[in-house]
Amino acid sequence: MTDVQLAASMVVDDARLLDLLAPDAAVERLGGGAAWSEGPLYLPDDDAVIWSDIPGKRVLRWTAATGEVTVDREGVEYPNGRAVDGQGRVVECSHGERAVLRLESDGRTTVLAAGWQGRRLNSPNDVVVRSDGSVWFSDPAYGITVPGFGYPGEREYGDNWVFRVDPEDGHVTAVVLDVEDPNGLAFSPDETVLYVSDTSASGAPTGTGNHHIRAYDVVDGRQCKNGRVVAEVSPGVPDGFRVDGLGNIWTSSQDSVQVFAPDGTRLGSVPVPEVVTNVCFGGSDGTTLFIGTPTGLYRLATSVRGAGLRAPRTASVTADA
Ligand code: MG
């Protein structure tokens, strides 16, 4: 297998997919060495991607300038998904600490959420930061039930929910209670819709469990209403996904990156040589889709910018001038 796999083998269900991919789009392996990768995040200030090796208890880094993969942090408590906030700080899920953490510029760590109404969280899996500074995260139990992905533990509140951390007072509120195993999540470009994936089919007997993405109307920036299924992902599960600036959903699956229109129409899929665990948009112009797989990181050139991407701080000064 070469390092570059042409996307010619992609499945086109709707011609709109062709407009979303760069003309020379190919899935290119950038590096790896992980036991199970998750949580890719593009850092605009560094022109780099960091991601979690969950069982390896470390964070890896791919740097565009050198093309090399290095170890960013070791001895991390089973990290999973992450996002960057409006001030460029990384917000990260920790299975081991059963918490959502913010990494401060001076090296300290701030706990944003570790419990709800006096009970511990399960194992925060993926997280997004809204433009108002609120932090929204999924809390399935994989980190307390799957060997090697955390420490065995109890579901102290007895379910698997999505929570919101208030940007003003830090209060943690349950916002989505009707997803069996909430996992990936992302906002629509205008942040009026929150998408949440349900990966309960993973580990369940064949033919049982969910493998879909649900959509919720975000009311007053703090409540989720009118939940409905917008996309069924198969084969595999939509562990993680991102939305582009046009509102299309780019999701992981067992064998490919699958693309859905905002109304849920499947546009097609681009095969990847491994299971896809999660994706993120990035690159200097925000149009590169970085693809996490169990062992490593790949990239795919698209023609659309990811929704809600933050520009490098140096570039944003120029743009504001
Ligand atoms: Mg996940």
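Of the candidates V270, V233, V237, V275, the single residue that is within 16 Å of the ligand (Cβ to nearest atom) and either of a type in the set (S, T, Y) or under 17 Å from R29 (Cα atoms) (or both) is V275.
If the condition is being crowded, with 18+ Cβ neighbours inside 10 Å and either aromatic (F, W, Y) or not in a loop (DSSP other than H, G, I, E, B) (or both), then segment 154-166 contributes W161, V162, F163, R164, V165. For segment 245-267, taking the residues that are small (G, A, S) and in contact (Cβ under 8 Å) with a residue 24 or more places away in the chain, the one that is nearest to the ligand (Cβ to nearest atom) is identified as S252. With respect to (1) exposed (fewer than 15 other Cβ atoms within 10 Å of the Cβ); (2) in contact with a strand residue (DSSP E or B) (Cβ under 8 Å, 6 or more places away or on another chain); (3) in contact (Cβ under 8 Å) with a residue 12 or more places away in the chain, the lone exception for S105 is condition (2). For segment 121-145, taking the residues that are assigned to a loop (DSSP other than H, G, I, E, B) and among the hydroxyl-bearing types (S, T, Y), the one that is surrounded by the most Cβ atoms within 10 Å (Cβ to Cβ) is identified as S123.
Of the residues R58, R16, R29, R73, the single one that is in contact with a strand residue (DSSP E or B) (Cβ under 9 Å, 6 or more places away or on another chain) and either within 16 Å of the ligand (Cβ to nearest atom) or closer than 17 Å to F281 by Cα (or both) is R29.
Here are some residues: G184, G148. Which one is open to solvent by less than 50 Å² (accessible area, probe 1.4 Å), in a strand (DSSP E or B) and within 16 Å of the ligand (Cβ to nearest atom)? Just a single option satisfies the conditions, and that option is G184. Residue count for segment 167-180 under the criterion of being outside any strand (DSSP E or B) and open to solvent by less than 20 Å² (accessible area, probe 1.4 Å): the result is 1. Among the residues of segment 189-231, those identified as surrounded by 16 or more Cβ atoms within 10 Å (Cβ to Cβ), charged (D, E, K, R) and farther than 22 Å from D166 by Cβ are D198, R214. The set of residues in segment 302-321 being more than 18 Å from the chain's Cα centre (by Cα) and modelled with pLDDT of 90 or more consists of S303 alone. Does P271 fit the bill of being open to solvent by 10 Å² or more (accessible area, probe 1.4 Å) and modelled with pLDDT of 95 or more? Answer is yes for this residue.
For segment 278-287, the condition holds for no residue, the condition being that it is touching a Leu at 6+ places or on another chain (Cβ under 8 Å), of a type in the set (S, T, N, Q) and in contact (Cβ under 8 Å) with a residue 12 or more places away in the chain. Here D24 clears all of (1) at pLDDT 95 or above; (2) over 26 Å from S200 (Cβ atoms) except the condition numbered (1).
The values are calculated or read from the model by the stated rules, or taken from the named source; none is laboratory data. Only a predicted model underlies this, so the values are computations on that prediction, with no experimental measurement involved. Neighbour counts run over all protein chains shown; Cβ positions are idealised from the backbone, glycine included. The accessibility values were calculated without ligands, DNA or RNA, using every heavy atom of the protein model including side chains. Shrake-Rupley method; radii C 1.70, N 1.55, O 1.52, S 1.80 Å.
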